Amino acid sequence: MSTRAEFVEDANFAECIKSVRDDTTEDNYVLVGHVNHNPNQLTVIQVGQNVEDLQGLLDDSQVMLGDKVPFVKKGKYGVVHGSVQEKFNPYHLFIETSTVDDLNTETILQQLEENTGKKSKVIETTEGRQERGFTQSQLPKRGPAAKSGPELAKGGAKIDFVDDVLEYIADVRSDDTDTKWMLAEYQDGNPKGPIIAAGKGSGDISELKDTLSENDVMYGLYRVTDTVDDITTTKFVYINWIGSKTKPMTKAKVSTHKGAAEEIFGPAHVTIFATDMSDISEHIVMDKY
């Protein structure tokens with residue numbers, strides 16, 4: 001078994017870390033986890049502003065040091081701890097914990113003061129927000145080896161959907177309209193939302209594709225009617241579109257909206273995750289169900 005863990009998208013992680021370290025952004029944390037419980041593969045789970053949000057994203061049966069994690073699983077992930085740790089260097093403080101109660105701004109600042117023997121000259125609270133950066137006189141020290149990366153608790157992050165989105169979805173599902181498809185997108189391309197209606201129509205999948213943008217993340221619902229032996233059936237296709245030119249940071253932030261989007265657009269008979277126009281066609285849709 002390899003003793004190294006690597007990101008499936010290095011550029012994505014690098015962009016997220018850069019944003020957290022940058023004083024000109026509002027991002028204060030990046031959360032990463034293992035892909036499909038594979039100790040050797042890492043992915044970005046969420047980037048956010050409120051450190052206290054971490055308490056809702058972790059649970060003690062998933063986090064490596066959680067009280068409910070089996071001993072054998074801890075050992076399995078423990079062999080990659082060194083390679084995970086080095087990806088976050090440099091840092092001022094290392095926190096090893098088995099409780100989410102330690103993940104709040106007050107506790108972290110207190111530990112920083114205890115670690116340095118005095119109040120930090122770099123990390124101060126200004127109107128409730130942490131400032132970031134390093135000075136020559138306060139170079140970060142390497143902490144002890146981390147045990148593993150965390151995983152995302154069920155549910156994911158919340159995101160607002162405007163009423164028009166719900167109305168468009170209802171149109172596609174209704175037998176009383178000729179609407180066959182609809183699309184939704186993030187307002188102004190901002191992954192913080194809300195998600196707004198981007199279009200709808202009565203044409204085939206080609207008409208839907210004409211509305212997709214290679215720079216944006218979009219969600220869609222497509223209605224398919226098929227007749228076999230004089231029996232007509234209607235099925236629905238949920239489309240999760242991440243354009244090929246979507247920024248890595250945007251990809252990371254919207255990844256936590258997966259659960260919320262599926263709840264709004266579901267249930268569906270077929271789900272298509274697409275990044276290229278060739279990923280979506282009538283043939284692919286028909287072949288999937």
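The values are calculated or read from the model by the stated rules, or taken from the named source; none is laboratory data. Since this is a predicted model, take the numbers as computed values, not measurements. Positions of Cβ are backbone-derived with ideal geometry, glycine not excepted, and every protein chain shown enters the neighbour counts.
Tabulated results
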{"read-out": "Filter result (more than 17 Å from residue 86 (Cα to Cα) and without any contact (Cβ under 8 Å) to a residue 24 or more places away in the chain) within segment 4-26", "value": "24, 25"}
{"read-out": "Residue 71 vs. criteria among the hydrophobic types (A, V, I, L, M, F, W, C) and modelled with pLDDT of 65 or more", "value": "no"}
{"read-out": "Criterion violated by residue 253 - all others in (1) buried (at least 18 other Cβ atoms within 10 Å of the Cβ); (2) under 21 Å from residue 284 (Cβ atoms); (3) among the basic types (Lys, Arg) satisfied", "value": "(2)"}
{"read-out": "Check on residue 174, surrounded by fewer than 15 Cβ atoms within 10 Å (Cβ to Cβ) and in contact with an Asp or Glu (Cβ under 8 Å, 6 or more places away or on another chain)", "value": "no"}
{"read-out": "Filter result for residue 164 (outside any loop (DSSP other than H, G, I, E, B), touching a strand residue (DSSP E or B) at 6+ places or on another chain (Cβ under 7 Å) and either at pLDDT below 50 or surrounded by fewer than 16 Cβ atoms within 10 Å (Cβ to Cβ) (or both))", "value": "yes"}
{"read-out": "Checklist (1) more than 14 Å from the chain's Cα centre (by Cα); (2) part of a strand (DSSP E or B) applied to residue 30, failing item", "value": "(1)"}
{"read-out": "In segment 180-196, the residues that are at pLDDT 95 or above and buried (at least 19 other Cβ atoms within 10 Å of the Cβ)", "value": "180, 181, 182, 183, 184, 185, 186, 195"}
{"read-out": "Lone unmet requirement of (1) at pLDDT below 80; (2) closer than 23 Å to residue 8 by Cβ; (3) outside any loop (DSSP other than H, G, I, E, B) for residue 113", "value": "(2)"}
{"read-out": "Leading residue by the ranking (nearest to the chain's Cα centre (by Cα)) among those in segment 170-184 that are over 14 Å from residue 224 (Cα atoms) and aliphatic (A, V, I, L, M)", "value": "184"}
{"read-out": "Residue satisfying all of: in segment 214-238; under 16 Å from residue 282 (Cα atoms) and not β-branched (Val, Ile, Thr); surrounded by the fewest Cβ atoms within 10 Å (Cβ to Cβ) among these", "value": "226"}
{"read-out": "Qualifying residue in segment 272-282 (condition: assigned to a strand (DSSP E or B) and among the β-branched types (Val, Ile, Thr))", "value": "yes"}
{"read-out": "Conditions (1) over 16 Å from the mean Cα position of the chain (by Cα); (2) closer than 20 Å to residue 180 by Cα; number of the one not met by residue 245", "value": "(2)"}
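Per-residue answers, yes or no, for (1) surrounded by 19 or more Cβ atoms within 10 Å (Cβ to Cβ); (2) among the basic types (Lys, Arg); (3) more than 27 Å from residue 31 (Cα to Cα); (4) touching a Ser or Thr at 6+ places or on another chain (Cβ under 8 Å):
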| position | (1), (2), (3), (4) |
| --- | --- |
| 240 | yes, no, no, yes |
| 271 | no, no, no, no |
| 277 | no, no, yes, no |
| 281 | no, no, yes, no |
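Listed here are the residues, each with its yes/no results for (1) hydroxyl-bearing (Ser, Thr, Tyr); (2) in contact (Cβ under 8 Å) with a residue 40 or more places away in the chain; (3) assigned to a helix (DSSP H, G or I); (4) on the phi > 0 side of the Ramachandran plot.
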residue: 218; (1), (2), (3), (4): no, no, no, no
residue: 227; (1), (2), (3), (4): yes, no, no, no
residue: 237; (1), (2), (3), (4): no, yes, no, no
residue: 246; (1), (2), (3), (4): yes, no, no, no
residue: 284; (1), (2), (3), (4): no, no, yes, no
